[in-house]
Amino acid sequence: MPNLHTRILKLLVYRSRIKRYLKKMATIAKEHKQLLVFAALSDIQYGDMDDGYNFKKTRKRYYRNALVFQKRVMEQWKNMTPEVKFILQLGDIIDGFNKRHGISESSLKETLDVIGDFKTYHVIGNHELYNFDRAALMKTPLFSAGLPECKSSVASPNQFYYSFQAHASLRIIAIDTYEIAAIGWPESSTNYQEAMKYLENNINEDKNSTTNMTGEDRRFAKFNGAVSSTQLKWLNQLLEECDQKKENVIIIGHLPIYPPATAVDCLCWNYEEILSILYKHDCVISYMAGHDHVGGSGIDEHHVQHITIPAILETPPDLDPPMATLYLYNDTLHIDGQYLLDNYDIKLKFPIASMNNIS
Ligand SMILES: [Zn+2]
């Protein structure tokens, strides 16, 4: 019997080694086909302030710990092999309450110092606009439309929407979901006036409140916004070019645009118009947003994977912060999620023919 036991044990150890070996080989094989690695995070909402709660007092906000998490996430990406080429920061990098405490500049500096020289593309959210007006934001590193690789795609130098080529077969397009908004613009501006027309759909005196509003009407709150018809035209033309060049496209914006991927309160006011532009084209593989702190996801009928990245801000300090590491393969974009964020495998609309490695 002891002999039999020994043989079974040896067999089990042998099987386990084989399994480990096969897993390692599969990983190596997968790594060799990786064409690009990049990353995404959202809603850090840092502030050098004591912890607080959301508007409804239902969710705790860990303002100082958000910076601790940001550091941890960045360290993880900085030390990764293969190299993480760039980060997509999907908005609300600092919290609006910084303004009230007079620490907008210092809090922004602290969070940008954590990023350091790590290549990062930003979109702006409502909280950036609570702290700064657009003219001030254009003078900060948050104005990614001013980067050399983005400039050629920008219709006019004052716009916050842009695109850049991440890989020969992958383009990132950043849209500005607060171009029409009641925050960030002077009340005399046409963009503010247009926003107030959207907000006529809000029945409350306080336009940040959605009390007694139901369904998708709840999106008509002051903390949301819309894209202009000029931006929609720009997006349509850019997607047309991507179709022709067979570039796969990921669109990023602070506000979600697909109801199943978010709480309806967080939807972009004219999300339907944006979706209708996307659906005219073949190239879009994913739309990624933040804003809804719980996060969410869904695949629409045109096979676009919508992902709303959960907030770093509301993650309890004893857990791991949500982060997305994205791997581009010849036929797939793999998203490795952490904490509340799932993993996703998104089929490319235009598979990449070459087998170039990133090494
Ligand atoms: Zn937001």
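Where a number appears in this text, it was derived from the coordinates with a stated rule and is not lab data. What you are looking at is a predicted structure, and each value in this text was computed from that prediction instead of being measured. Neighbour counts run over all protein chains shown; Cβ positions are idealised from the backbone, glycine included.
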Handout entry: Estimated dipole of the chain in Debye, rounded to 20 [Cβ of Lys and Arg +1, of Asp and Glu -1, Cα centre]
Key = 1860
Exercise for the section: Please report the Cα spread of the stretch 145-294 along all three principal axes, rounded to whole Å, starting with the longest. Expected result: 49, 34, 25
Handout entry: Reachable aspartates and glutamates, given that their alpha-carbon falls under 17 Å from the alpha-carbon of K233 and they are not under 8 places away in the same chain
Key = D176, E179, E241, D243, E272, E273, D282
Problem - Residues of the stretch 82-124 with amide N under 18 Å of a point placed 7 Å along Cα→Cβ from V294 - result: none
Practice task
Please work out how much length the chain gains when fully extended from Y192 to D320, using 0.36 nm per residue of separation minus the C-alpha to C-alpha distance, in nm with one decimal.
Solution key: 42.2 nm
Problem - Ellipsoid equivalent to the stretch 57-101 - semi-axes via the Cα gyration tensor, in Å - result: 27, 12, 9
Problem - Simple spin-label estimate for D206 and A353 in nanometres, 7 Å along Cα-Cβ - result: 5.9
Practice task
Any of K57/K197; K99/K139; K71/K151; K33/K151; K33/K349 with alpha carbons more than 25 Å apart? Name them for me.
Solution key: K57/K197; K71/K151; K33/K151
Problem - Fully extended contour minus Cα-Cα distance, from K71 to E149, at 0.36 nm per residue - result: 25.4 nm
Practice task
Could you list, by residue number, the cysteines of the chain that have no other cysteine's beta carbon within less than 4.7 Å of their beta carbon?
Solution key: C150, C266, C268
Practice task
Over 39 Å, how big is the tail of the calculated P(r) for the chain, in percent of all Cα pairs?
Solution key: 17
Practice task
List the residues whose amide H sits under 5 Å from the amide H of M49, counting only those 5 or more places along or on another chain, with H placed 1.01 Å from N in the peptide plane.
Solution key: R64
Exercise for the section: Go through the stretch 119-198 and name the trypsin sites (Lys or Arg not before Pro) that are in a DSSP coil and have 13 or fewer other Cβ atoms within 10 Å of their Cβ. Expected result: K119, K139
Fill in the blank from the handout: Helix 104-115 sits off the longest principal axis of the Cα atoms of the chain, rounded to the nearest 10 on a 0 to 90 degree scale, by 20
